[in-house]
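Everything on this sheet refers to the single structure shown next.
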């Protein structure tokens, strides 16, 4: 196969990926993603777990260590089929807190600690560098395979040159599609789709090569099985330590690898996709590893001894003369390498810019505010970081010379990132995890990993001297890098795994238990651990773009319908659009936020808009600002409430006073009209008879008669006026009381005698208990007599019984005497009982011979002045009144 | 607070959902046990064949995938129907 065709195919393939990414980005910006955000694409994008190490290296691994290569797939399989334990929570936390990377996850969980962010970032970069070098190496090796196989070896690149071209190309692609825009959700639809395409290519390539090997070379499944049993692989034995250790390690790595976190959590479009991926991703892994063993077995059998088993996927088809199949396999390997490098460098660049460059920039230039200035800084930082990460990878490749076996480097990188595991798992499952514990665990784990695994991987005398290998650090035997604490007999990989993670987890636990977390840390801890119970629901604004309608609904809720509509209309007009829905441009959103913050406070407005726009994280600082603002508002509204209560109490008092005044006014009017009526009647008759008398020539008897009438009427007038005067004196409380010591019996006797003048024609049967009446009162006897006269006269006037009776009973209670005056008449109807003590209240006009209806009113006033009371006594078989009077009336001070 | 408001017994559908979650939690545990089962196999390679190992592992793998695929739809719908209290006792 001509080398030129290979390069041309590579370029065509890359251009095709560019095209895919470009079209998807266009569709994403138009909001038409559709099936591109399906579980299928999500699952396929997860396949960046399978790098070139898997694609080429697994066969080599199988050729060297038998079925042990399966452990690298079993770990992720267990994690995914057990998604309900951990991944579900991880994805929910990532989406709810808008986590941008694994460093962001750790730093957010432990109170937004930037220190932890920096630690995780540095660890990730250090661990990823050899891994990226590994990818470059695999591409270079695969080029080399074709180059050496080419008969016309005229156009040939050196290995270093190939690596530099590949690294540059990947950097350009990643920068173009990874840093096109600054989206806080860090979603890169174009790249994710391109990776999904690459996932299909590598799966198809591996299955094609495998099928060719099984059915093309071996001649069927049964034949293949027979050859497996006959091969060197049959000598394979399970090494218990490595078997379990590597399953655990790969399970930890699939959660902790920055690139896996990127596609699994950050790029996740929908939590539901995870459910599908829980079985689809293991299926993909199984597909990827299905033909590894046959390829390894046939490769070992067919290819000359000493050929690199890592390249069997390519060399086997080439040796069998299948150029096209080899080309497909080459593209599969190329895809594996490129997709891993692209996503890894994006994830690392996000971490580097967010946790190292931007904090530094803000510290060096504190005046640089948010806005376009900072955005361009972030983008530039990411571009430089991507270039830097690839340069590091190339540098590592250049220095190491690409000699080590692929699998060894891969496992070392896995163990490096797995150091994040205790802090991560502890952080999302245990509220007691603290920043100090996490930092201690990370640093110790990282140090142990570097000392026992990473630095020794360069070989004796490269970084660590051979004496250290042999005698330990500072000549202390139990500090040998591959035999800590005298455990020298272990497999180096398992030794490093055991010691680094054990010491890491111990430091994490002890540090967490012994320290006390800060407030933000505790808040974040609760929010992470209880993410499924939290008040914040799942983010439904998954599109990451603001819907103007949703913004309008929210604005209406806060500003009111008219104000919101007019604001939106103005904004739409300013954008040259008709209607009420402007485009959610940054300027419009800023204006809206400013407007809303006038209503709900800056922090809340920011949080609300960012929730709709999906542009920024709702941080704990935001929430705290919201809380303090709400506290202020609550205090203010409490003040308002108390003021309002006072006002409404005052208003109630005023209303009552007003009503009283109105009643008084009505009473006064009624009183005046009654008075004038009462006065007019006698006046009319006086005037009429006096007019007749002034006519003269009247018989003397008529004169005498008319004179008597006039006199009577004048007496009545006088009495009325006397009563009125009396009443007003009593009501004003200016009455002069003449206190004497008098027998109650005398008072009643006097009253009965005086009342006999009223309707003297009626005879009453009076029941009295004179014994009980023998009690002396200190009171105004004349006034009290007046009351009894009134009551007895009323009884004489109004009692309609055939045999009228009057019952007077006296009782003494405490310092008070009660006198009940009861007749056996019809009594007073219930509805009138409340009225009888009012002035001019007369029940019927039948018996108006008496006074002007002032009698009982006067009685009441007298009793009030005497310190007693008078009340109607219902249910006595007739009209009954109870007079209560104190035994000893003390003179009032005034 | 919220714990006290939680009912002691559940209706049929939420009950089934809880048991499905229990099954989903146990699946990786059982799978892991079966995956490290080869540690107990006799060490002498003469008595068995590598192809048998291959068939065992891939058969187990298929079973794991099928079980996960059987659980996934129920877990997902339960998750979306608002019953979010996934990590509590019943």
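The values are calculated or read from the model by the stated rules, or taken from the named source; none is laboratory data. Nothing here was measured: the structure is a model prediction, and the numbers come from that model. Here the Cβ positions follow ideal geometry from the backbone for every residue, glycine too, while neighbour counts run over all protein chains shown.
Is it the case, given these coordinates, that residue A:127 is touching a helix residue (DSSP H, G or I) at 6+ places or on another chain (Cβ under 6 Å), part of a helix (DSSP H, G or I) and within 14 Å of chain B (Cβ to nearest Cβ)? So residue A:127 does not fit the description; no.
Given the structure, is residue A:187 more than 14 Å from chain B (Cβ to nearest Cβ) and modelled with pLDDT under 90? The answer is yes for residue A:187. For the stretch A:214-226, the tally of residues that are within 9 Å of chain B (Cβ to nearest Cβ) and under 12 Å from residue A:301 (Cβ atoms) stands at 2.
Go through the stretch A:262-378 and tell me which helices (runs of 4 or more DSSP H), entirely inside it, have 1 or more residues that are under 24 Å from residue A:215 (Cβ atoms) and in contact with a helix residue (DSSP H, G or I) (Cβ under 9 Å, 6 or more places away or on another chain). Output list reads A:272-289, A:292-302, A:312-319, A:323-352.
Within the bounds of the stretch A:130-144, is there any residue that is free of Cβ contacts under 8 Å to residues at least 40 places away in the same chain, away from every other protein chain (no Cβ under 14 Å) and either at positive phi or surrounded by fewer than 24 Cβ atoms within 10 Å (Cβ to Cβ) (or both)? Yes; the residues of the stretch A:130-144 include at least one that is free of Cβ contacts under 8 Å to residues at least 40 places away in the same chain, away from every other protein chain (no Cβ under 14 Å) and either at positive phi or surrounded by fewer than 24 Cβ atoms within 10 Å (Cβ to Cβ) (or both).
Kindly indicate whether any position in the stretch A:703-715 is surrounded by 17 or more Cβ atoms within 10 Å (Cβ to Cβ), more than 20 Å from residue A:882 (Cβ to Cβ) and free of Cβ contacts under 8 Å to residues at least 24 places away in the same chain. Checking the stretch A:703-715: at least one residue is surrounded by 17 or more Cβ atoms within 10 Å (Cβ to Cβ), more than 20 Å from residue A:882 (Cβ to Cβ) and free of Cβ contacts under 8 Å to residues at least 24 places away in the same chain. Checked against the criterion of being without any contact (Cβ under 8 Å) to a residue 60 or more places away in the chain, touching a strand residue (DSSP E or B) at 6+ places or on another chain (Cβ under 9 Å) and either surrounded by fewer than 11 Cβ atoms within 10 Å (Cβ to Cβ) or within 25 Å of residue A:864 (Cα to Cα) (or both), the candidates A:694, A:734, A:742 yield just one match: A:742.
Once the stretch A:64-94 is narrowed to residues that are buried (at least 24 other Cβ atoms within 10 Å of the Cβ) and in a loop (DSSP other than H, G, I, E, B), the residue that is nearest to the other protein chains (Cβ to nearest Cβ) is A:84.
Please verify whether the stretch A:264-274 includes one or more residues that are more than 9 Å from every other protein chain (Cβ to nearest Cβ), under 45 Å from the mean Cα position of the chain (by Cα), within 24 Å of residue A:92 (Cα to Cα) and surrounded by fewer than 19 Cβ atoms within 10 Å (Cβ to Cβ). Yes, the stretch A:264-274 contains at least one residue that is more than 9 Å from every other protein chain (Cβ to nearest Cβ), under 45 Å from the mean Cα position of the chain (by Cα), within 24 Å of residue A:92 (Cα to Cα) and surrounded by fewer than 19 Cβ atoms within 10 Å (Cβ to Cβ).
For the residues A:193, A:179, A:174, the requirement of being surrounded by 17 or more Cβ atoms within 10 Å (Cβ to Cβ) and at pLDDT below 80 singles out A:179.
When the helices (runs of 4 or more DSSP H) confined to chain B are screened for residues that are at pLDDT below 75, those reaching at least 3 such residues are found at B:2-5, B:50-80.
Residue by residue, here is whether (1) surrounded by 20 or more Cβ atoms within 10 Å (Cβ to Cβ); (2) in contact (Cβ under 8 Å) with a residue 40 or more places away in the chain holds:
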position	(1), (2)
A:4	no, yes
A:11	no, no
A:22	no, yes
A:30	no, no
A:37	yes, yes
A:42	yes, yes
A:49	yes, yes
A:52	yes, yes
A:55	yes, yes
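Take the stretch A:805-821 and flag every residue that is surrounded by fewer than 20 Cβ atoms within 10 Å (Cβ to Cβ) and over 24 Å from residue A:867 (Cβ atoms). Correct list: A:805, A:807.
Going by the structure shown, is residue A:515 surrounded by fewer than 17 Cβ atoms within 10 Å (Cβ to Cβ), in contact with a helix residue (DSSP H, G or I) (Cβ under 8 Å, 6 or more places away or on another chain) and under 16 Å from residue A:442 (Cβ atoms)? Taking the combined requirement at face value, the residue satisfies it. A count restricted to the stretch A:227-263 and to residues that are within 12 Å of another protein chain (Cβ to nearest Cβ) and within 58 Å of the chain's Cα centre (by Cα) stands at 16.
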